[in-house]
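Enquirer: Right, I'll just put the structure down here and ask away after.
Throughout, read-outs are computed from the coordinates displayed, never taken from laboratory work. What you see is a predicted model, and the numbers here were worked out from it, not measured in a lab. No Cβ is skipped: glycine too gets one built from the backbone with ideal geometry, and neighbour counts run over all protein chains shown.
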Amino acid sequence: MQNKNKSEYDAIVVGSGASGGWACKRLAEAGLKVALLEAGKPQSDANFSEHKPGFELKYRNRATEMMRKTRPVQSVFEVCNEYTADWFVNDLEEPYTTPKDQPFLWMGRVRMTGGRTNVWGRVSLRFSDWDLKAASHDGFGEDWPVSYKDLEPYYDLVEKYVGVTGMAEGLEHLPDGQFQPAMPLTCQEILVRNRVKEKFGRTVTLARSANMTRPQNGRGPCHYCGPCERGCVTHSYFNSAFTTVPDAIRTGNCTLISNAMAHKVLMDEKTNRAKGVLYVDRNTRETKEIHARVVILCAQTQESTRILLNSGTAAYPNGLANSSGVLGHYLMAHVRSGGANGDVPAFGEKPSMGGPVKPVGIYVARFRNLKGDAPAKNFLRGFGYEGGSNVDFNWSAPGFGEAYKKALREPRVDFDMTGFGEVLPRWENRVEIDPEVKDIFGIPVLKIYMKDSENERAMIKDMGDSAGEMLEAAGAKNIRVYAHPSAPRWALHEAGTARMGVDPKKSVLNQFQQTHDVKNLFVMDASGFASNPCQNPTLTIMTLCVRSCDYLMGEMKRGEI
Ligand SMILES: Cc1cc2nc3c(=O)[nH]c(=O)nc-3n(C[C@H](O)[C@H](O)[C@H](O)COP(=O)(O)OP(=O)(O)OC[C@H]3O[C@@H](n4cnc5c(N)ncnc54)[C@H](O)[C@@H]3O)c2cc1C
Ligand code: SF4
C-alpha cells in the first residue's frame, strides 16, 4: 500500500490492551508498518506471580494502607494488591476529578503492555440484536449502526484465537460461540442451574471465559492455580501482552514504543487529516512526535476521549472530530451493587489450602425485558449475574484445641450471585477536560460526571430480590440479599463517550469506528458503544476492532485514506 504521508509508519495504534493488541496484530500481519504507543512498561513472564504464596512477599500481601498511599482508587478493587500494584497507575501522579456529589471509581488503569487484559475477569459474552437494536425495542437511546449478522464472523474469529471455555445454551439473546470444552461446574453450581431452570426457566451456565482448556498457538491449557490477575506463565488466559502484541511484533512490522504517554493527535489542518501523535516519554519527560498515515486510538474509553478532547484545533475547538458536540457524552459503566449469597450443601467436598481453584464460575443469563416476557414494571433493559460456589474452612468455628480443629475443618459452602446491569446512555453522564488540573506529564486530566437514574435504582433492587429468590429455590440457607445504590460506580466496564451512529450530527464514529469528521482517525475501543448491554464488553470490543481494521485496510487499498 502506498504511504501517502511518506512517514515511516502506516498506522499509529495508541494503547496495547484488548483493542490495541488486536489492531496491531491484524494490521501488522497484513503487512502494514505499525507503531504501538503504550503509556505503560513492557510486560514479561518474569513479572508473573500466580504461584507465589503471600508469605514470600515483603508485606505478606497485607499492607493495604501502603497500597492506598499511591493507589487510593486502584486498590479499591482487590486485583491491585502487593503482587501487582506497580502495574497500575499512580493515582496521585495521574489523577482525574469529579464533582463532590458524584464520586466515581475509575479503577483498572493498568500501565503495562496488555492494559487491563493483564488483570481482567475474562468473562467473554456475545451481544445480540436484542442489545444492538435495544432502542428499537423500547424507544430509549439510539440503535447501534451494526447488527449481530455483521459481527458474527468476527466473534467467531476472535473467540477461536482467544480460547473461550463455555457451554452452548441456544439462547437468542446470548448467542453461543466457538467454545473450547467447558470447565466442569461444581456440584453446587449444577444444583443451582437445575433448580433455577425448573422453577423459573432461567439459564445458569458456565461463565463463558477466556481461559483455555485445550492448548493452542504455544499456549497451555489452564492448570487451575487460581489467581489469573497476577499473570500466567503458561499463557492459559487471554492477555494481549502474551498473545496479540507478540504476534504483531513477530511479523517484523510492529514496533512497540513503551512508556509513551500520548497527549494529542496532530492534525494537518489544510487537508483535515491526522498526521501523527504527540507523546511524552514517561522516563525522560521529553515530548516527541510520531507520524503515520492513520491514527487509531485504543487507549480505553475515557483515555481515548481524553486524547481527542485535548487535541482541539481551530476547526474543532471543542475537541477533535467533535463537530456533533457529542464527544465526551453518554458515558456508561455497569451497575453491580445488587445480588445475594447463601449457604449451600457441601456434597462431601472438603476445603483445602493450596488445592486446585477453578478460575471460572457461573453466569446467569439476562431474563428481564426480553421477547415474550412482560416488561419489568419499573425499569428498561436487563442484567445478568456472575457468581459461583466456594468451599471454605469454618473460620468462625467456636472453641479451642482438638474440638476447634475439628469444627474448623467442617466445610462452609457459600454461593454468590452478583448482578451486572445495563446503564442507560444519558447525555448528562459525561467526561470533559478539567481546566484546573494536569497530570505529572503536563497533560490536562478528565473531569467525570456520572450518577444513577431511577432506572438503575429500580434495576439494582430487582437484582437483589431475584438473586434471593433463585437461591431460595435452590434450597440455600442464611440468604443475604443486598441492593446498594451504585455510586460510586464500579467502573471497570466503561463504554461510550464517542458513540457510533449513522448520523454525524448525533455521533462521533461510523460503524467502522472511523471518525465522521477526520477520515484517517479511528477510535477502536469501547468509546464507540451506543449502549452498554449487561454482558461484559471486551469480546465485543475486540470483535469490532478486527472488523474496523479490515474496513480500514480496504479503504487504504482503494486510496480512500
Ligand atoms: C479487574 C477487571 C476485571 C474485568 N473483568 C472483565 C470481564 O470479566 N469481562 C470483560 O469483558 N471485561 C472485563 N474487564 C474490562 C476489560 O478489561 C476492558 O473492557 C478491556 O481491557 C478494555 O480494552 P481497551 O483496549 O479499551 O483498554 P485496555 O485493555 O485498558 O488498554 C488500554 C491501554 O492503553 C494505554 N493507554 C492509556 N492511555 C494512554 C495514552 N494516553 N497513551 C498511550 N497509552 C495509553 C494503557 O496503559 C493500556 O495499556 C475487566 C477490567 C478489570 C480492570
Ligand atoms: S488459573 Fe489457569 S489461566 Fe489462571 S493463572 Fe492459573 S493456569 Fe493461568
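Enquirer: Could you list, in sequence order, the residues of segment 460-513 that are over 23 Å from residue 329 (Cα atoms), part of a loop (DSSP other than H, G, I, E, B) and in contact with a Leu (Cβ under 8 Å, 6 or more places away or on another chain)?
Expert: Selection gives 474, 475.
Enquirer: Mind counting the residues in segment 388-437 that are under 24 Å from residue 187 (Cβ atoms) and either over 23 Å from the mean Cα position of the chain (by Cα) or acidic (Asp, Glu) (or both)?
Expert: Total satisfying the criteria: 20.
Enquirer: Suppose the filter is farther than 25 Å from residue 18 by Cβ and in contact (Cβ under 8 Å) with a residue 24 or more places away in the chain; does residue 267 pass it?
Expert: When the stated conditions are applied, residue 267 passes them.
Enquirer: In addition: From 219, 273, 195, which residue is charged (D, E, K, R), within 16 Å of ligand 2 (Cβ to nearest atom) and surrounded by fewer than 24 Cβ atoms within 10 Å (Cβ to Cβ)?
Expert: Only one candidate passes the filter, namely 219.
Enquirer: Determine which single condition residue 513 fails, assuming it passes every other condition in (1) surrounded by fewer than 22 Cβ atoms within 10 Å (Cβ to Cβ); (2) out of contact with any Asp or Glu (no Cβ under 8 Å at 6 or more places or on another chain); (3) over 21 Å from residue 97 (Cβ atoms).
Expert: Going through (1) surrounded by fewer than 22 Cβ atoms within 10 Å (Cβ to Cβ); (2) out of contact with any Asp or Glu (no Cβ under 8 Å at 6 or more places or on another chain); (3) over 21 Å from residue 97 (Cβ atoms) one by one, residue 513 breaks only (1).
Enquirer: List the number of the failed condition for residue 233; all other conditions in (1) surrounded by fewer than 18 Cβ atoms within 10 Å (Cβ to Cβ); (2) over 23 Å from residue 47 (Cα atoms); (3) aliphatic (A, V, I, L, M); (4) within 16 Å of ligand 2 (Cβ to nearest atom) hold.
Expert: Of the numbered conditions (1) surrounded by fewer than 18 Cβ atoms within 10 Å (Cβ to Cβ); (2) over 23 Å from residue 47 (Cα atoms); (3) aliphatic (A, V, I, L, M); (4) within 16 Å of ligand 2 (Cβ to nearest atom), the odd one out for residue 233 is (2).
Enquirer: Still on this structure, I have one more. Tell me, which residue of segment 310-332 that is among the hydrophobic types (A, V, I, L, M, F, W, C) and within 15 Å of residue 525 (Cβ to Cβ) is nearest to ligand 2 (Cβ to nearest atom)?
Expert: 332
Enquirer: Among the residues in segment 63-73, are any among the polar types (S, T, N, Q), closer than 30 Å to residue 355 by Cβ and outside any loop (DSSP other than H, G, I, E, B)?
Expert: Scanning segment 63-73, I find at least one residue that is among the polar types (S, T, N, Q), closer than 30 Å to residue 355 by Cβ and outside any loop (DSSP other than H, G, I, E, B), so the answer is yes.
Enquirer: Okay, moving on. When segment 251-279 is examined, which residues are found to be outside any strand (DSSP E or B), in contact with an Asp or Glu (Cβ under 9 Å, 6 or more places away or on another chain) and away from ligand 1 (no atom under 14 Å from the Cβ)?
Expert: Of everything in segment 251-279, those that are outside any strand (DSSP E or B), in contact with an Asp or Glu (Cβ under 9 Å, 6 or more places away or on another chain) and away from ligand 1 (no atom under 14 Å from the Cβ) turn out to be 251, 253, 272.
Enquirer: Does segment 436-455 hold any residues that are part of a loop (DSSP other than H, G, I, E, B) and without any contact (Cβ under 8 Å) to a residue 40 or more places away in the chain, and which are they?
Expert: Selection gives 453 alone.
Enquirer: Are any residues in segment 409-429 more than 24 Å from residue 534 (Cα to Cα) and loosely packed, with under 15 Cβ neighbours inside 10 Å, and if so, which ones?
Expert: 409, 410
Enquirer: Do you know which residues across segment 389-415 are under 30 Å from residue 205 (Cα atoms) and in contact with a Leu (Cβ under 6 Å, 6 or more places away or on another chain)?
Expert: Those that are under 30 Å from residue 205 (Cα atoms) and in contact with a Leu (Cβ under 6 Å, 6 or more places away or on another chain): 393, 394.
Enquirer: Considering only residues of segment 280-314 that are of a type in the set (D, E, K, R) and surrounded by 21 or more Cβ atoms within 10 Å (Cβ to Cβ), which is nearest to ligand 1 (Cβ to nearest atom)?
Expert: The residue in question is 303.
Enquirer: Filtering segment 90-144 down to residues that are outside any strand (DSSP E or B), among the hydroxyl-bearing types (Ser, Thr, Tyr) and away from ligand 2 (no atom under 16 Å from the Cβ), which residue is surrounded by the most Cβ atoms within 10 Å (Cβ to Cβ)?
Expert: 113
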